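Every read-out reported here was derived from the displayed coordinates using simple, explicitly stated rules and does not represent laboratory data. Computed from a predicted model, the values in this text were never measured in an experiment. Cβ: placed from backbone, ideal geometry, glycine included. Neighbour counts: every protein chain shown.
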Amino acid sequence: MRPTAAEPGYRRLAHGPRTSCRRLAHRLGYALARFFDTEVPTALIVGAAGLGLVLRWRAVAVMPLQPPHATPGLLLGLAEDVAVAAALALLASLGRLAAAAVAAAFAGFSLVHLAWCEALIYYGHPPRCADIEVAAQGVFVTRTFDPLGLAPAALILAVAVGSILASLRAPALRATRATVLGVGLGAALVAAGAEEVVPSPQFYRHPALVAASLWRCVAANPAAAAPAEPSPRLPVTSVRELVPTVPASSFPDGEHPLAYRAPPRSSAATVPSGLRPNVVFVLLEGVRAHEVGAWGGRLPGLTPNLDTLARSGIRFARAYSPGTHTATSEMGLWYGTLAVPDEILMRSRPTVPLSGLPERLRTAGWRSFLWMHNADQEIYKREQFYLPRGFGLVDERGFPSTDPVTNWGRSDRALMRLALDAFDRLDEPFAAMLLTVTNHLPFQVPADARSRYPIPDALRQDMLARYGRSGGRYSVAMLETIHYTDEAVGALVEGARGRSWFGRTLLVIAGDHGLPLAPLEGVAGAHELAELRHRVPLLMWAPWLTPGIAVDDPVSLADMPATILGLLGIGGLRSGPGVDALAAAPTDPLRPVIGWNDEARQLTIATRDWVYHATVGERPVDGEHPILDEQLVEDRSGSEAPDGPARAPALEQGRRWARVYLGVYPWLVTSGRSVVPPENTAP
């Protein structure tokens, strides 16, 4: 609006070119002053800051291990919330159309914020591209969805939005545009400064500011065309350092550096002469060693069937999952592969060339191969992985509609019942994998449970008080579904006893990976949390195995192909970092058992004497992965290794194995050179 003579400060100007410029500058200054002096509602800023602070505080409180530097981290998140909300408040003041767009943007940001904090609670770490790629699928979202678990966060969101709407017209919650701009810029500067001192800012940052990079990753669809791994800077043959128990003379081929001749076995367990047993893997969703009685679980009677099988079979006392995704453990059991950082190999490269147990068994006369799951097979593109490799596939679509269901699929007992029928029809000898699903968040006990574990009320209330309504409820519910899954394992064994094939069958039962949920006694530190993510129960059982054998050295699920081939007496070339865990000797050199936590970008390397942990940074375009936040823990005490003459060499050895694993192994696997040379596949 043009100023009038009645307004203060107005002064008539003479005519002329210079006068016109002055008049234009005067009017522009006046307009800017009017613009920045206009008051706008600040309820959006206050509400966004409060919502973000409460959501982050809830995530920090419920996560099993408090993220580092919580105070500056919360300050970082608060500052980013204020900066983003200030920008939205300024945009909303430009008119009704802008206000409507801002309202939609704020609603979207709030939902993303809620989802991000729930993901932090679910994973225990900021989710990465591979997790988002899987979680973005509709089947994952619908089956993980738990209305009761989301209720606290949804209530927080509803209260925040309602408070903002009610406060929009409050006179006290108004400020000039200049003030809002100053607050926003100041908050942005505070956030920039706080980000420099917070080592893991993704825990706390405004989700909208990290969502862009994740979205670019997902939009690139690495599952469709995974990028080639960069060529290793270390010699390709350095990957043999990951199997130091294999003599150098046993590696015959430099082009396939992980192919080695199986060493002779002496007193290790073997199958009875002439027997070619069926091999059945039972992979238990989310069952970690910590809760299982035979591995030190503190709740009596929680896992009676697994405990009995462990006592009467071969128990691997320190078994580690190679990764934190089910598909990674499946591949470890079949093909002896480790996790490939930043990928879920089965999904990203389902047709990658591999040599493993299926090929060796088929060549040796095994006739049938089956994969069964009581949920959906499509999440990890399993049909593209298994079908070309000669497997039959059965998932929940093949189950009767009358079988009990949970969010994730049919019940574990239904899986075991159908597996018994399927095994009756398979040509022997067969190899199969059964993958359970009931012990998956939100941990629902199916209707066909024969019993429920009687969790004492005092324990239930204590866990709710210590870990919050959400985290504590899931920790309690997990105990109930572990008990149910154990019951299903018992049903499988009991139902198999009357079958003709039972006496000719080897059962290999393992957890697929751990979970970032706090156990009864809580989580004391980063080492304990890493152990909860990777330590799993692992046992072998057959009527003809010598009972009561315990393997105390650390082993990987990726050791099972070599171990089973050794047990069956199938010699010849093998390929991979796995070794025969039943043929290990106390005099063998230290061997690394490697686990990769994709969500936390954390590497765990376990040996007979110590465990090494390190956080791994993003790999630069032309360089190696930076290794950060190292921790060396004594195996026997579980405490930080003290300074002394043994610490420095152990740390250096851990770093070397980390460099080889990160720098050479992914390229070797994804380039198809981890296989046995074609002319040497015969047993």
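Using a Förster radius of 56 Å, what is the FRET efficiency between Ser266 and Ser231 based on their Cβ-Cβ separation? Nearest 0.05, please.
On the way: r = 40 Å, r/R0 = 0.72.
It comes to 0.90.
If N is the number of residues in the range 446-581, what value comes out of its Cα radius of gyration divided by 2.2 N^0.38 Å? Don't jump to the answer; show the numbers that get you there.
Working: Rg = 18.8 Å, N = 136, 2.2 N^0.38 = 14.2 Å.
Normalised Rg, Cα atoms only: 1.32.
Using R₀ = 22 Å, calculate the FRET efficiency as 1/(1 + (r/R₀)^6) where r is the Cβ-Cβ separation of Thr587 and Asp635; round to 0.05.
Numbers: r = 17 Å, r/R0 = 0.79.
Working from the Cβ atoms, E equals 0.80.
Output wanted: per-residue J couplings in Hz (rounded whole) for the range 79-91, from phi through Karplus 6.51 cos²θ - 1.76 cosθ + 1.60, θ = phi - 60°, x for Gly and Pro.
Using θ = phi - 60°, the values come out as 5, 5, 4, 5, 4, 5, 5, 5, 4, 5, 4, 5, 5 Hz.
Under a 5 Å amide H to amide H cut-off, with H placed in plane at 1.01 Å, what residues pair with Val405 once short-range neighbours are removed?
Ala447
Considering every pair of different Cα atoms, what Kirkwood radius, in Å, is found for the range 389-460? Walk me through the numbers on the way to the answer.
Numbers: mean 1/r = 0.0703 Å⁻¹.
Roughly 14.2 Å, rounded to one decimal.
Just the Kirkwood number for the range 227-380, please: inverse of mean 1/r across all distinct Cα pairs, in Å, one decimal. Don't skip to the answer; put the middle values down first.
Values: mean 1/r = 0.0526 Å⁻¹.
Hydrodynamic radius (Kirkwood, Cα pairs) of the range 227-380 is 19.0 Å.
Return the distance in nm (one decimal) between the two label points of a simple spin-label model at Leu275 and Thr176, each offset 7 Å from Cα along Cα→Cβ.
8.9 nm
Would you mind computing, in nm to one decimal, how far apart the modelled labels at Thr402 and Leu464 are, each placed 7 Å from Cα along Cα→Cβ?
3.7 nm
Could you list which residues have their amide H under 5 Å from that of Gly511, counting only those 5 or more apart in sequence or on another chain, with H placed in the peptide plane?
For Gly511, the qualifying residues are Leu284.
What is the extension gain from Leu189 to Asp37, computed as 0.36 nm multiplied by their sequence separation minus the C-alpha to C-alpha distance, in nm to one decimal?
Numbers: separation 152, 0.36 × 152 = 54.72 nm, distance 2.31 nm.
Going from the current span to full extension adds 52.4 nm.
Modelling each spin label as a point 7 Å along the Cα-to-Cβ direction, I'd like the Glu494/Leu155 distance in nm, to one decimal.
Distance between label points: 4.0 nm.
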